[in-house]
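Following: one structure in structure tokens, then a few remarks.
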Amino acid sequence: MINLLIGLLPAIIWGIMPVLLSITKGNPYIQLLGTTIGSFVFSSLLMLILHPGLSLPGLGFGFLSGLCWSIGQFGQYYGYKTIGVSQVFPLSTSFQIVGNSLIAGLLLKEWNSAFAISKGIIAVIIIVIGIIFTSVKFNGKISSDKKAYLILLFTTVGYWGYSLLPKFENGSAVNIFFVQTIGMLVSALILSSVYLKKNIFKYKISLAKNCIPGLLFGSAAYIYLCSIQLNGIVKAFILSQVSVIIATLFGIYYFKDQKEGISIFRTYCGLILILIGTVMIEF
């Protein structure tokens, strides 16, 4: 039960992140950089408080994981601005679930029996059907902003690396998280440098505001790493993606996202299917 609660905490925090970002405002570059700075500050505080002792050799996967995260997160922040939270979260989640679950379950052998493989694949199919219910119009087409969807699709590959690479580390969650946030910050600086190099002082207040949700995101990211060590990649990831339910509901009722051609009833059916698939993988 404790492992289950630890696995669900990142989902709750990540699910409310879009609301916090709507309050702090800023473009995707500012939001990404602010989030990474906040996360780095949080990880640094953990290092100072817990004194785990940092052994840099062998933590390269954690650094690469952080680089991958910034790529995936930029795609989400860009999507929030262009196609809406209630569209981005379900679609991004479906891409992540298919990639992470199949790679970890089949290639890394976390599904270690024929029954586990069958149950896992069926659960992934149910979740993806749920995603389709919440995101795709009745005519089977997604909205006309093809650029935003392509960016979301390709950047989501970064999330696969973010979730999978820490599995190859042997260090403590605190050590891995600290090195991971260094990678996140380096990648965010590179991605935002072209846009911000002439405007950094113009956006300094907005950047400072976005560091606040970054602190909260950092706490969720650390708990997620603990969940990976306790629950394995597949279970930890699937549990964290319950955030799609929270974020989608916020997108509909708080942000008033327009979901043309998609009824509220159909959206709820999709969310229930996502929940069923999540429970199947967990149990």
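Please find, within region 25-49, the residue that is modelled with the highest pLDDT out of those that are farther than 20 Å from GLY72 by Cβ and among the β-branched types (Val, Ile, Thr).
VAL41
Output the residues belonging to region 91-107 that are among the hydroxyl-bearing types (Ser, Thr, Tyr) and under 17 Å from LYS119 (Cβ atoms).
SER101
Looking at (1) touching a residue at least 60 places away in the same chain (Cβ under 8 Å); (2) hydrophobic (A, V, I, L, M, F, W, C); (3) buried (at least 16 other Cβ atoms within 10 Å of the Cβ), which one does LEU50 not meet, given that it meets all the others?
(3)
Can you find, within region 118-145, the residue that is modelled with the lowest pLDDT among those that are among the aliphatic types (A, V, I, L, M) and open to solvent by 60 Å² or more (accessible area, probe 1.4 Å)? Give the derivation first.
Start the filter on region 118-145 by keeping residues that are among the aliphatic types (A, V, I, L, M), which leaves 121-129, 131-132, 136, 142.
This time we only want the ones that are open to solvent by 60 Å² or more (accessible area, probe 1.4 Å), so: 121-122, 125, 129, 132, 142.
On the way: ILE121: 86, ILE122: 90, ILE125: 87, ILE129: 87, ILE132: 76, ILE142: 50.
Applying the filter and picking the extreme gives ILE142.
Just to be sure before I move on: is LYS256 at pLDDT below 80, on the phi > 0 side of the Ramachandran plot and either open to solvent by 70 Å² or more (accessible area, probe 1.4 Å) or in a helix (DSSP H, G or I) (or both) in the structure I sent?
Working: at pLDDT below 80: yes; on the phi > 0 side of the Ramachandran plot: yes; either open to solvent by 70 Å² or more (accessible area, probe 1.4 Å) or in a helix (DSSP H, G or I) (or both): yes.
Criteria met by LYS256.
Quick check on LEU164: is it at pLDDT below 85, crowded, with 17+ Cβ neighbours inside 10 Å and out of contact with any Pro (no Cβ under 9 Å at 6 or more places or on another chain)?
So LEU164 passes the test.
Out of the residues in region 21-36 that are aliphatic (A, V, I, L, M) and open to solvent by less than 50 Å² (accessible area, probe 1.4 Å), state the one that is nearest to ILE182 (Cα to Cα). Full working, then the answer.
The initial filter retains those residues of region 21-36 that are aliphatic (A, V, I, L, M), namely 21, 23, 30, 32-33.
With the extra rule that they be open to solvent by less than 50 Å² (accessible area, probe 1.4 Å), the set shrinks to 21, 30, 32-33.
Values: LEU21: 22, ILE30: 17, LEU32: 14, LEU33: 12 Å.
Among those residues, the one meeting the criterion is LEU33.
State the number of residues belonging to region 104-124 that are more than 16 Å from VAL279 (Cα to Cα) and assigned to a loop (DSSP other than H, G, I, E, B).
5
Search region 8-19 for residues that are farther than 19 Å from ILE233 by Cα and pair each with any residue that is among the small types (Gly, Ala, Ser) and assigned to a helix (DSSP H, G or I) when their beta-carbon atoms are under 6 Å apart and the residues are at least 6 apart or on different chains.
Taking only residues 6 or more apart or on different chains, the pairs are GLY15/SER243; GLY15/ALA247; PRO18/ALA247.
I'd like to verify a number: residues in region 231-247 that are under 21 Å from ALA116 (Cβ atoms) and part of a helix (DSSP H, G or I), how many? Full working, then the answer.
As a first pass, look at region 231-247 and keep what is under 21 Å from ALA116 (Cβ atoms): 231-242.
Narrowing the set further to residues that are part of a helix (DSSP H, G or I) leaves 231, 233-240.
Of the residues in that region, 9 qualify.
Evaluate the following for GLN73: is it in contact with a Gly (Cβ under 8 Å, 6 or more places away or on another chain), crowded, with 24+ Cβ neighbours inside 10 Å, within 16 Å of ALA148 (Cα to Cα) and modelled with pLDDT of 85 or more? Don't jump to the end; show me each part of the working.
On the way: in contact with a Gly (Cβ under 8 Å, 6 or more places away or on another chain): yes; crowded, with 24+ Cβ neighbours inside 10 Å: yes; within 16 Å of ALA148 (Cα to Cα): yes; modelled with pLDDT of 85 or more: yes.
Judged against the criteria, GLN73 is a match.
The values are calculated or read from the model by the stated rules, or taken from the named source; none is laboratory data. Small disclaimer: the values here were computed from a predicted structure and weren't measured. Cβ atoms come from the backbone with ideal geometry, glycine included; neighbour counts cover every protein chain shown. SASA here: full protein model, heavy atoms, side chains in, ligands and nucleic acids out. Shrake-Rupley method; radii C 1.70, N 1.55, O 1.52, S 1.80 Å.
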